[in-house]
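Notes for the one structure printed next.
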Amino acid sequence: MRIVRTPEGAIEIDPGGKRPGRGAYLCANRQCWEIAMEQRRLWRALKCQLTAEDEAALRELVASLWVEESAAEPGNVVSKD
């Protein structure tokens with residue numbers, strides 16, 4: 001799943017993976033998201049500070065994710081410009 005910091009500075013979910021801006025990718029495993037949020041890895045990957053609103057919206061998304069087994073190591077974030 002791709003999260004993008006748009007050129008305007010907004011943090012959004014990018015389901016299609018095509019939105020312009022700095023992106024960070026996380027697997028759909030809920031544990032990966034929780035670790036990335038807890039350890040602020042997503043902030044570092046996007047090279048920004050998330051607002052309280054951004055963080056709340058992402059945490060709401062995390063709460064809705066299904067926990068799935070993944071070959072990826074939990075908490076890994078891959079960033080891509």
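Structure above, values below:
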{"item": "Test for Ile3: is it under 19 Å from Ala63 (Cβ atoms), in a helix (DSSP H, G or I) and of a type outside the set (D, E, K, R)", "result": "no"}
{"item": "Residue list for segment 30-48, filter: modelled with pLDDT of 85 or more and of a type in the set (S, T, N, Q)", "result": "Gln39"}
{"item": "Residue list for segment 1-25, filter: closer than 20 Å to Ala52 by Cα and of a type in the set (A, V, I, L, M, F, W, C)", "result": "Ile3, Val4, Ala10, Ile11, Ile13, Ala24"}
{"item": "Residues (assigned to a loop (DSSP other than H, G, I, E, B), more than 8 Å from the chain's Cα centre (by Cα) and of a type in the set (A, V, I, L, M, F, W, C)) located in segment 6-43", "result": "Ala10, Cys27, Ala28"}
{"item": "Neighbours by Cβ (under 6 Å, 6+ apart or cross-chain): first from segment 15-42, β-branched (Val, Ile, Thr); second surrounded by fewer than 17 Cβ atoms within 10 Å (Cβ to Cβ) and outside any helix (DSSP H, G or I)", "result": "Ile35/Pro74"}
{"item": "Search result, residues across segment 18-29 that are surrounded by fewer than 18 Cβ atoms within 10 Å (Cβ to Cβ) and at pLDDT below 90", "result": "Ala28"}
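The values are calculated or read from the model by the stated rules, or taken from the named source; none is laboratory data. Bear in mind the structure is a predicted one, so any value in this text is a computation, not a measurement. For neighbour counting, all protein chains shown are included, and Cβ atoms are generated from backbone atoms with ideal geometry for every residue, glycine included.
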